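Encoded as C-alpha cells, the structure appears first; notes follow it.
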Amino acid sequence: MSSLSSEPPSSEVLLRSGHTSYEFVRWLGPARHGELVLARRHYSERFGGYIVIKRPLPAGDDEARQRLLDEARLTSQLRHPSILSALHMRGSDDAPHLVLEHVPGFRLAALLEASARARHPFSEAFALYVASEVADALSHAHGLSDEHGRQLGVVHRDVTPHNILVSEHGEVKLMDFGAAWSRLSGRVGSEGDALQGSLAYAAPEHVQHTALDGRADQFSLGIVLLQLLTGRHLFEGAERFESRQRNPRTPPASTTQLCARELAWRIRTFSVAELEAATRSVPAALLPLLQRALAPDRLERFDTCAQFARALRHQLVALGEPFGRHEALAELATLRYVSLRVAAGEAPDDAVRERLLPEPGPRSAPRVLASRRSARLRGAPRRR
C-alpha cells in the first residue's frame with residue numbers, strides 16, 4: 001500500500017469549520033446511507049493529517065441523511081480500540097458529514113479474496129485473533145448506555161468482512177454502524193419489512209424480523225470466523241450475493257429479489273444438521289466454539305459477545321504460541337508475497353516454500369514460520 005505524502009498539494013475543499021478545512025483526496029467507495037471519501041485536514045494553513053468523511057450521496061433522500069445523523073450520534077459514544085472512531089459531525093442537517101479517523105489498512109473482505117486467489121489459507125491463530133478483537137468491540141457496543149444510565153441495546157446488524165479492517169499496524173477495527181439498531185431517542189425507526197444490514201450475514205432471527213440482541217451479531221461474526229478458518233461461507237454462494245449487493249452497478253432488480261428470497265429462506269430454515277455439514281473442515285479444537293456461535297437457536301449461543309471473546313482467546317492461548325499485532329502483520333506480509341508470486345504464474349506451494357527460507361534478523365523468520373505452522377493446511381479455499 002502506497003504511503004501518503006506528509007505535505008500534500010491543495011485540492012477541492014469539501015467543507016470548512018472555523019479555521020479548519022477538509023480537502024478532497026480520493027473517493028473510497030459506497031457506504032451504508034452514503035459514501036466515503038479520503039480527505040486531508042488543515043488547521044489554518046497547517047496540514048492536520050488525513051481523515052475519512054462519510055457523507056450522503058448527492059441524490060440521497062431525507063431518510064438517508066437522518067440515518068447518517070443517527071449513526072453519528074451513536075458512533076460518537078463508542079470508545080473502544082477495535083472500533084473505528086468518529087471524530088466530529090460537520091456540515092448542516094441537509095448535508096451532514098461524519099468525520100472518522102483514517103486507519104490505513106485492508107478490509108477483511110479484500111484479504112479473504114487475496115487468500116482465495118493465492119490458495120494460501122489463514123492460520124488458526126490469525127482467525128482467532130481477528131474474531132476475538134471484533135467480539136470485544138461488539139461487547140462494548142452491546143453494553144452502551146446513555147447519559148441517564150439506560151441501556152441502549154445496540155445491535156450492529158452488519159458484521160461482515162467488508163466492515164472489518166486490519167490496519168497496517170496489525171490492529172483490527174470494526175466499522176460502519178449505519179445499519180445499527182438502538183434505543184437512542186429520536187432515531188429513525190427500522191422495524192419494517194426491509195432488512196437493515198447484510199442479508200448474507202444475517203442471523204435467523206434477523207431474517208424472521210423478531211426482536212434482536214447481541215447474539216445476532218455473534219452469529220454474523222461466527223460466519224466471518226468460519227470463512228477465515230475454511231475459506232467458505234456458511235451459506236454457499238452468499239458471499240457472491242453480498243459482493244453484488246455492494247457493487248454500485250447492481251444486477252436487474254428481479255434477479256436480485258429472487259436471489260434475496262432464496263437466501264432468506266435458507267437462513268430462516270437453517271438447521272443443526274446443516275451447521276454440522278458446513279463446519280466439517282473446521283479444526284476439531286475449535287468446532288464446539290464455532291458451532292455454539294452459529295447455533296440456529298440463539299438460546300444455544302454464548303450469552304454475550306464478551307463470553308465469545310473469552311472463549312476465542314482461550315483457544316488462541318491453547319495454540320501455544322503468542323499471537324498479536326506483530327504476528328498478524330507477518331502473516332499479512334506472507335499473504336501479500338505469495339499473492340504477488342502466484343499472480344506472476346508461480347505455484348502457491350513454491351511461493352510459500354521460498355518465503356519460508358531463513359531471513360535476516362532474530363525475530364522475523366521464526367514468527368512467520370510459527371504463523372505458517374499454525375495454519376495446519378486445511379486445503380485450499382475455493383475461488384470466488
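Every number in this text was worked out from the coordinates using simple rules, so none of it is lab data. In this text, all values refer to a predicted model and were calculated from it rather than measured experimentally. We place every Cβ from the backbone using ideal geometry, glycine too, and count neighbours over all the protein chains shown.
Cβ-Cβ distance of H326 and R16, R₀ of 30 Å, FRET efficiency by 1/(1 + (r/R0)^6): the value works out to about 0.15. The charge dipole of segment 105-318, taken about the Cα centre with unit charges on the Cβ atoms of Lys, Arg (+1) and Asp, Glu (-1), comes to about 400 debye, rounded to the nearest 20. Modelled label positions at D61 and E168, each set 7 Å beyond Cα in the direction of Cβ, lie 4.0 nm from each other.
For a paramagnetic label modelled on S281 (point 7 Å from Cα along Cα→Cβ), amide N atoms under 19 Å away belong, within segment 194-232, to 222-232. For G214, the shell of other residues with beta-carbons less than 13 Å away shows a net charge of -1, using +1 for Lys and Arg and -1 for Asp and Glu.
If each residue's Cβ is checked for other Cβ atoms within 10 Å, how do R183, R150 rank with the fewest at the top? Spell out each step's value before the answer.
Values: R183 13, R150 10.
Going from least to most buried by this count: R150, R183.
Shape of segment 55-170 from its Cα gyration tensor (a ≥ b ≥ c, root eigenvalues): rounded if a/c is under 1.5, otherwise prolate when a/b > b/c, or oblate? Oblate, since a/c reaches 1.5 and b/c is not below a/b. Here the spin labels are modelled as points 7 Å beyond Cα on the Cα-Cβ line, and at A273 and Q208 they lie 1.9 nm apart.
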